[in-house]
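Inspection log for the structure reproduced underneath, given as structure tokens.
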Amino acid sequence: MKIENVKIITMENGAVIENGTVEFTDGKITSVEPSKGEPSGKWLLPGFIDGHTHLGMSEDSLGFEGDDTNEMTDPVTPQLRAIDAINPLEKCFEEAREGGVTCVASAPGSANPIGGQIAVLKTSGKRIDDMILMAPAAMKFALGENPKTTYHGRNQMPETRMATAAIIRESLIKAQKYSEEMAKAAESREKIRLGQADPDDEIDDPDFDIKCDALIPVIRREIPAHFHAHRADDIFTAIRISKEFNLRCVIVHCTDGHIIAKELSEENIEAFAGPNLCDRSKPELREQSFINPGVMAQAKIKLGITTDHPVIPLQYLPLCAALAVKSGMDRDAALRAITIDPAEILGVSGRVGSIKVGKDADFVLYDGDPFVFSSKIENVWIDGVQVKG
């Protein structure tokens, strides 16, 4: 199949084909070339990506019955998997596709200091197992007001920022020791297999601990730690803990990022900025502003713009990027922040985020400039299948 005579915003090193054709077969892009026909005036972009949502976990028009975002009975729940909570048939998946959002990270919420395992998935499908790009893709951590608010008055830690950080440290230390014991047991078995040790000296595995087991990919830097943090001091706590344990740190929300952009750039921090198209619902959102992603991008911080769906409905992701441009963000940086940059932060850029031969055939076709409010999305494809239009 092919899409012809369109302006192709490839998101590959700023390359734009003013009049081009994209061909795709079996869900993969097979050709990206200039067209010979008359330009249609339409714009083709990669499918949009939101790197921090709760899509399918906090269901539309439902209360407790459809809310599986937070397990608020235990402050440490790394063993929880987003894929066990996501309902792909929930209506907001359809609205996401209609808004051109073809890929998301869906995460447990921020009630707990350690919330659980994040999944990256396509927004089309009936069965979550068939939609996954990566799971687990990251581990959710939370600092600031949310854990304090959740456990306040329960006579249970954490009621302070100190306790939140201490709980995270304690869990990571346990996971480190568990990992070391597992490694020693594995080394012991290998030496016995090679005849380098007496079978009577075999070291047993530690008793299985599902929480420690879930944290092993984090402490081994196989997946990143996504820290919910709005306020500057909480952001710096996330960085401090990440340095102590050599974690791959990504800041989620990063509301005060524009205030500390220089410091974040020096630390090579990656972030998901937002939500901004909402009210300042709590004290730590005092500095919320649409200038935030632009200031951070100007400081060379790699970031994605996020809706934090359902805080902002997911279909408004491109609108959030457009409002960031209106507030001073570079156009190309804003487009990157909803395509290739979140793909790279999430570790899935080999498949999504740009229009390139070999990548998944995920496209959004506009009738004009996507940052012009009156422009409309005509068609959306996911894995080469037209899901809108």
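The values are calculated or read from the model by the stated rules, or taken from the named source; none is laboratory data. This structure is a prediction, so every number in the text was calculated from the model and none was measured. Positions of Cβ are backbone-derived with ideal geometry, glycine not excepted, and every protein chain shown enters the neighbour counts. The protein model used for the area step is the full one, side chains on, heavy atoms only, and it has no ligands, DNA or RNA in it. Shrake-Rupley method; radii C 1.70, N 1.55, O 1.52, S 1.80 Å.
List of remarks:
- Phi to ³J(HN,Hα) by Karplus 6.51 cos²θ - 1.76 cosθ + 1.60 over segment 343-357, Hz, x for Gly, Pro: 4, 5, 4, 7, x, 10, 6, x, 10, 9, x, 8, 9, 8, 4
- Relative contact order [Cα under 8 Å, 6+ residues apart], the chain, whole percent: 20
- Normalising by residue count, the chain has a Cα convex hull of 159 Å³ per residue.
- Diffusion coefficient, µm² s⁻¹, Stokes-Einstein with Kirkwood Rh over alpha-carbon pairs of segment 1-128 at 37 °C and 0.692 mPa s: 194
- Between the amide H of His52 and those of Ala105, Thr307, Asp308, distances stay under 5 Å, these residues lying 5 or more places away or on another chain, with hydrogens modeled in the peptide plane.
- Rounded Å value of the spacing that divides the Cα centres of segment 207-263 and segment 137-183: 11
- Degrees, to the nearest 10: 232-245 long Cα axis against longest axis of the chain: 60
- Cross-link pairs Lys2/Lys359; Lys174/Lys243; Lys300/Lys376; Lys262/Lys300 - those with Cα-Cα distance over 19 Å: Lys300/Lys376
- Solvent-accessible area assigned to carbon and sulfur over the chain amounts to 48 percent, based on a 1.4 Å probe.
- Between Val120, Val250, Val16, the GNM of the chain built on Cα springs shorter than 10 angstrom shows Val16 fluctuating the most.
- Helix 210-219 and the longest principal axis of the C-alpha atoms of the chain enclose an angle of approximately 60°.
- Once C-alpha pairs closer than 8 Å and six or more residues apart are averaged by separation and normalised to the residue number of segment 1-146, the relative contact order reads 19 percent.
- For Val387, residues with placed amide H under 5 Å, excluding near neighbours: Val380, Trp381, Ile382
- Per-peptide average of other Cβ atoms within 10 Å, ordering 38-46, 66-74, 370-378 highest first: 38-46, 66-74, 370-378
- Accessible surface computed residue by residue for the chain, with neighbouring protein chains in place and a 1.4 Å probe, gives 44 Å² per residue.
- Separation of the Arg189 and Asp74 label points, Cα + 7 Å toward Cβ, nm: 2.5
- Each helix, a run of at least 4 DSSP H residues, gives -39500 (n - 2.57); summed and divided by the residues of the chain, these come to -8500 deg cm²/dmol at 222 nm.
- Compactness of segment 137-290 as Cα Rg over 2.2 N^0.38 Å, two decimals: 1.31
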